[in-house]
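> One structure, pasted below without further comment.
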Amino acid sequence: MRSMGATQEEYYRGVRMVPYDLVKELALAIAGIGVLAVLVAAILSSPDVAPVTIAAWAQQDPVDLVTTATNELAGSTTSAGYGPPYNSVGAGQSWGPIAPQKWFGVRIPVDSANTFVIQPLQRASFSNTDLGTALSAWQKATPDQQTKWLDAYSKALPNATVKDGTVAVAAGDYGPLPVMMSNLLGVAQAGGLDGLLVINGRFYQTDYTLPLLFMGDGTYLSGLAAQAHLTGSQWGMMNETGSYPGQTWLWLYTMWYQVPPFTSTTGFLGFNSSNADLGIIILMTVLTAALALVPFIPILRDIPRWVPIHRLIWRQYYAPRKGAIRS
Amino acid sequence: MAANSPEGATPRESRSWTLRLRRAIDQHLPMGHLLPDRQPYYVGSWVYVFGVITIAALAWVIVSGVVLSFMGPQWWHDSRLGRFVNSLHFWSVQLFFIFMVLHLWGQYFMAGWRHGRAATWMIGVVIFAVSILTAFTGYLTQQNFDAQFIAINAKDAMNSAGIGAFFNVLNFGQMYGLHVMLLPIGITFLVVAHIVMVRARGVVKPIDAEGARS
Ligand code: HEM
């Protein structure tokens, strides 16, 4: 590029230079943005809806908690069948030979039935003989028998009634499940499950993987999220609770979730709704790389030359005569 | 400039790393370029101010963020002052993104990458991407209902790409550490590099200024 100039002095040779106070401009910008941000913050505040606890879930929607726990035992929840990085039950998403979810394996092991149901009950059975008996009956039963109990109980749960915070189902052969579930519900309602899942044998704790996975398996939290317009099919990434803006800069990313092939079951080029997450990440990676490489991509790098927006920006320069560069 | 003229440098001196670094700085980034008091007359547009406003918004993001992290993650949930500082942080971030995106589009339509400025543009895109990641970790560490739902929802995308195996959005401690330390340091470093690159070359000439008119 001939006109690049080896030094700034050469590059600007012949260009009229005028006084310009960059430091003052920055200082004014800091002051101006400060005033604006303080005003907006004072007037509009920020979102802070209290988090959902497992205790609140168990109190507000006991049937959902019991149903979720039953499904954990049956292995039919999202987390139980997830695949990597939590377990190897599901295969995870892939696109042809590209299967990064599988490549890195099980790095955050979660055994849903044990972690969310059996282990908390074992803790709670310490001085509770009824529960102790029920648990050992459950563990001694054959997998076939367990499945029969689970099937029957799962069929009864949609018609369950709630009385004083306990869940009652029509009489049937559910084995030890009703005792186990009513105890789990009791522990959860008292806040014990929140503690047990977070602590998980440690004292200091900053990792909420287990309670979040468990709550994600239920429908209570996602129901609240749908009410607050936060879910993916509602462009949820762009909103927060209330009318606060979310990550609006993800508009393009979240847009792909609303359009084919990422919404269709048949798909296109191997992309469909079942591997939408992976497909969209691949697409966005390509688009971001393209944005970075715009200076080298024909057409993309020429558009600014064709679209006369630069004539507005540099009005003075393109104004006839007046602004001509003297050399 | 010092490095352009031999000015009696002995062979021994020119092997000195210290001297070579000083001369490189003298040549590519003398103080007169870093803090110029004159600009080409066409630098009169508001579009040039977007970049500076982005720096200003970033400054407020960092100041309010430092106060929040100093007081600890519980503070802003139970104190009015804390909530206000959190709101300041939240809205500074929104302003930061608004002006960064305006700056990005401005630079696009000015084709700001011309005349050897491609690296400035590319670092800009990296800043944009890292800022999105930083904001994401911020939304995850709000410790409120939004944070819970974002974590549960976002894990699937992260896991599908294998990222979730290392970057666990359900792990508050990991997200918090990244949000308050590593990513802000990264953004600050990248912004400094971006601005040094702009100052080293000076702002680009208008489109079609090359050839006949320059
Ligand atoms: C934290 C984010 C950013 C900050 C603080 C920032 C700041 C600045 C500043 C102060 C300038 C000087 C000229 C002007 O203000 O227009 C500049 C120039 C530039 N910026 Fe940014 N920028 C950021 C992000 C970006 C992004 C996302 C892009 C594009 C993808 C970008 C591309 C450019 C280019 C190409 C120039 C050179 C313009 C020229 O030589 O005339 N920047 N930036």
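> Does the range A:43-95 come out rounded, prolate or oblate, given a ≥ b ≥ c as the square roots of the eigenvalues of its C-alpha gyration tensor, rounded meaning a/c under 1.5 and, failing that, prolate meaning a/b above b/c?
Verdict is oblate for the range A:43-95.
> Please report the accessible area of A:D61 (heavy atoms, 1.4 Å probe, ligands and nucleic acids excluded) in Å², nearest 10.
A:D61 has an accessible surface of roughly 50 Å² with all protein chains in place.
> Something else: Output the Cα-based Rg and Dmax of the range B:46-110 in Å, rounding Rg to one decimal and Dmax to a whole number.
14.4, 47
> May I pose another question? Quantify how strongly other chains surround peptide B:93-100 by giving the mean number of their Cβ atoms within 10 Å of each of its Cβ atoms.
What the average comes to for B:93-100 is 3.
> Based solely on C-alpha atoms, express the radius of gyration and the Dmax of the range A:171-325 in angstrom.
For the range A:171-325, the Cα radius of gyration and maximum Cα-Cα distance read 26.3, 94 Å.
> Okay, moving on. Give the ranking of A:R13, A:R107 by solvent-accessible surface, highest area first, calculated with a 1.4 Å probe.
Largest accessible area first, the list is A:R13, A:R107.
> Scanning chain B for helices, which whole DSSP H stretches are 18 Å or more long along the axis (Cα) and average -1.0 or more by Kyte-Doolittle?
Values: long enough: B:47-71 (37 Å, 2.32); B:80-109 (43 Å, 0.78); B:118-140 (33 Å, 1.85); B:145-160 (24 Å, 0.09); B:183-201 (27 Å, 1.65).
The qualifying helices are B:47-71, B:80-109, B:118-140, B:145-160, B:183-201.
> How high is the relative contact order of the range A:115-217, in percent, counting Cα pairs under 8 Å that sit 6 or more residues apart? Don't skip to the end; give the middle numbers.
Numbers: 76 pairs, mean separation 28.4, N = 103.
Averaging sequence separation for qualifying contacts and normalising by length gives 28 percent for the range A:115-217.
> Compute the normalised compactness of the range A:120-202: alpha-carbon radius of gyration over 2.2 N^0.38 Å, N being the residue count.
1.15
> Now, a different point. Once you average over the residues of A:101-107, how many Cβ atoms of partner chains fall within 10 Å of each Cβ?
4
> Mind pulling up the Rg/Rh value for the range B:8-128? Radius of gyration and Kirkwood radius, both on Cα.
Radius of gyration over Kirkwood radius for the range B:8-128 works out to 1.15.
> Here is a follow-up. Can you find, among B:L182, B:I55, B:S14, the residue sitting farthest towards the positive end of the charge dipole of the protein assembly as shown, where Lys and Arg contribute +1 and Asp and Glu -1 at Cβ?
Highest projection toward the positive end goes to B:S14.
> Comparing B:Y108, B:Y42, B:Y139, which has the greatest mean-square fluctuation in the GNM of chain B with Cα pairs linked when under 10 Å apart?
Greatest mean-square fluctuation among the candidates belongs to B:Y42.
> For the range B:113-203, what's the relative contact order in percent, using C-alpha pairs closer than 8 Å and at least 6 residues apart? Could you put the intermediate results ahead of the total?
Numbers: 61 pairs, mean separation 33.0, N = 91.
About 36 percent, as a whole number.
> Could I ask something else about it? Which whole number gives the average count of other chain Cβ atoms within 10 Å of the Cβ atoms across peptide B:59-67?
That works out to 2 on average.
> Would you mind telling me the share, in percent, of accessible area of the range A:54-223 contributed by carbon and sulfur at probe 1.4 angstrom?
That share works out to 55 percent.
> If you average 1/r over all unlike Cα pairs in the range B:113-203 and invert the result, what Kirkwood radius do you get in angstrom?
Mean inverse Cα-Cα distance, inverted, gives 14.6 Å.
> Let me know the shape class of the range A:40-153, please: from the alpha-carbon gyration tensor, a ≥ b ≥ c as square roots of the eigenvalues, rounded when a/c is under 1.5, otherwise prolate if a/b is greater than b/c, or oblate.
Oblate.
> Take each uninterrupted DSSP H stretch in chain A, measure its Cα extent along the helix axis, and return the ones at 27 Å or beyond whose mean Kyte-Doolittle hydropathy is at least 1.6.
Once both thresholds are applied, what remains is A:22-44.
> Tell me which of A:T254, A:V23, B:P30 sits at the most positive position along the dipole axis of the protein assembly as shown, charges placed on C-beta atoms (Lys, Arg +1; Asp, Glu -1).
Projecting each Cα onto the dipole axis, the largest value belongs to B:P30.
> Can you tally the net charge around A:A50? Count Lys and Arg as +1, Asp and Glu as -1, for every other residue whose Cβ sits under 12 Å from the Cβ of A:A50.
Net charge in that neighbourhood comes out at -3.
> Just need the relative contact order of the range B:65-166 here, percent rounded to a whole number, with Cα pairs under 8 Å and 6+ apart.
Relative CO of the range B:65-166 lands at 11 percent.
> Taking every pair of distinct Cα atoms and averaging 1/r, then inverting, what Kirkwood hydrodynamic radius in Å comes out for the range B:59-214? If you can, show how the numbers build up before the last one.
Working: mean 1/r = 0.0568 Å⁻¹.
In the range B:59-214 this quantity evaluates to 17.6 Å.
> Would you work out if the range A:230-303 is rounded, prolate or oblate? Take a ≥ b ≥ c from the square roots of the eigenvalues of the alpha-carbon gyration tensor; rounded if a/c is under 1.5, else prolate when a/b is larger than b/c, oblate otherwise.
Oblate.
> In debye, nearest 20: dipole of chain A around its Cα centre with unit charges on the Cβ of K, R (+) and D, E (-)?
It comes to approximately 1960 debye.
> Suppose we keep just the alpha-carbon trace of the range A:54-223; what are its Rg and Dmax in angstrom?
Final numbers for Rg and Dmax: 16.5, 53 Å.
> Tell me, what does the Kirkwood hydrodynamic radius of the protein assembly as shown come to in angstroms if you use every pair of distinct C-alpha atoms?
The Cα-based Kirkwood calculation yields 27.2 Å.
> Oh, and also: What is the sum of charges around B:G138, taking Lys and Arg as +1, Asp and Glu as -1, for the other residues whose C-beta is under 14 Å from the C-beta of B:G138?
That sum, taken over residues with Cβ under 14 Å, equals -3.
> Taking only the C-alpha atoms, wrap a convex hull around the range A:1-105 and report its volume per residue in Å³ as a whole number.
Expressed per residue, the convex hull around the Cα atoms of the range A:1-105 is 283 Å³.
> Also, I was wondering about something else. Using alpha carbon centroids, what distance separates the range A:107-183 and the range A:15-60, in Å?
The distance from the Cα centre of the range A:107-183 to that of the range A:15-60 comes to 49 Å.
> Follow-up question, since we're still on this one. Considering only protein heavy atoms, what is the solvent-accessible area of A:S45 at a probe of 1.4 Å, reported in Å² to the nearest 10?
Surface open to solvent at A:S45 totals about 30 Å².
The values are calculated or read from the model by the stated rules, or taken from the named source; none is laboratory data. None of the values given here were measured: they were computed from a predicted structure. Note that we place each Cβ from the backbone using ideal geometry, even for glycine, and neighbour counts take in every protein chain shown. Protein only, heavy atoms only, side chains kept; ligands, DNA and RNA dropped before computing areas. Shrake-Rupley method; radii C 1.70, N 1.55, O 1.52, S 1.80 Å.
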